[in-house]
Every structure is written in structure tokens, then in C-alpha cells.
Amino acid sequence: MNCCGKKLESLRKKGELAELKNHPVQVQNPVYYQYTGNSGLMIKGKHTGIEYNFNKKGIIAGIDFRDATHITETNTLNKL
């Protein structure tokens, strides 16, 4: 496992990765964002239909590159 894979696995174990729900396809070439809002947030990808669920501040999600351009319209998500 490469260094990025180890970091992602560590975040997953700590519960710091966002849940992905109702995804008919796998995330391709993920672009990582961290949620900075104070309440929960769910965004549905316009291209993939993946639901990105940020349930607390600090959660990180690998957003499918096809959805990433629309995700950037949300001011409570910072690209990592």
C-alpha cells in the first residue's frame, strides 16, 4: 500500500471519511475535499448520482472528478 493509501485507511478507521451512498458507479480519479461547515451536508453528484454525505466538520471525501466541478460551488468544502 502506498503512502496515500495508508493515510486514507487511517482516516477511514478514525471515521473521518465521508459516507458515499446510492452510488451506481465507483468514484473515478477522486479529488479530495474537506467539509468545514458546522452541520451535516449531503451533495448528490450531478454526473454520477453519488451522494456525498458529510456528517460532521472535518470529514474528508474523495469526490469523483466528474462531480468535482459542481462540488466547488459549495463554500463549505475545501479542496485538499
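Quick look at the numbers
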{"item": "Filtered residues of the range 71-80 (kept if surrounded by fewer than 17 Cβ atoms within 10 Å (Cβ to Cβ) and of a type in the set (V, I, T))", "result": "T72, T74, T76"}
{"item": "Complete set of residues in the range 51-70 that are on the phi > 0 side of the Ramachandran plot and either part of a helix (DSSP H, G or I) or surrounded by 14 or more Cβ atoms within 10 Å (Cβ to Cβ) (or both)", "result": "none"}
{"item": "Number of the condition not met by V31 [criteria: (1) at pLDDT below 85; (2) within 10 Å of the chain's Cα centre (by Cα); (3) surrounded by 15 or more Cβ atoms within 10 Å (Cβ to Cβ)]", "result": "(1)"}
{"item": "Residues of the range 51-71 satisfying the condition of being at pLDDT below 90 and touching a Lys or Arg at 6+ places or on another chain (Cβ under 7 Å)", "result": "E51, N53, H70"}
{"item": "Condition broken by E73, with the remaining ones in (1) more than 10 Å from the chain's Cα centre (by Cα); (2) assigned to a strand (DSSP E or B) satisfied", "result": "(2)"}
{"item": "Some residue of the range 35-42 being under 10 Å from the mean Cα position of the chain (by Cα), surrounded by 13 or more Cβ atoms within 10 Å (Cβ to Cβ), modelled with pLDDT of 90 or more and of a type outside the set (G, A, S)", "result": "yes"}
{"item": "In the range 45-80, residue farthest from Q34 (Cα to Cα) [restricted to those that are basic (K, R) and free of Cβ contacts under 8 Å to residues at least 24 places away in the same chain]", "result": "K56"}
{"item": "Enumeration of residues in the range 29-50 that are within 10 Å of D67 (Cα to Cα), assigned to a loop (DSSP other than H, G, I, E, B) and not β-branched (V, I, T)", "result": "P30, G45, K46, H47, G49"}
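The values are calculated or read from the model by the stated rules, or taken from the named source; none is laboratory data. Everything numeric here is computed off the predicted structure, so don't read it as measured data. Quick reminder, even Gly has a Cβ in these numbers, built from the backbone with ideal geometry, and neighbours come from all protein chains shown.
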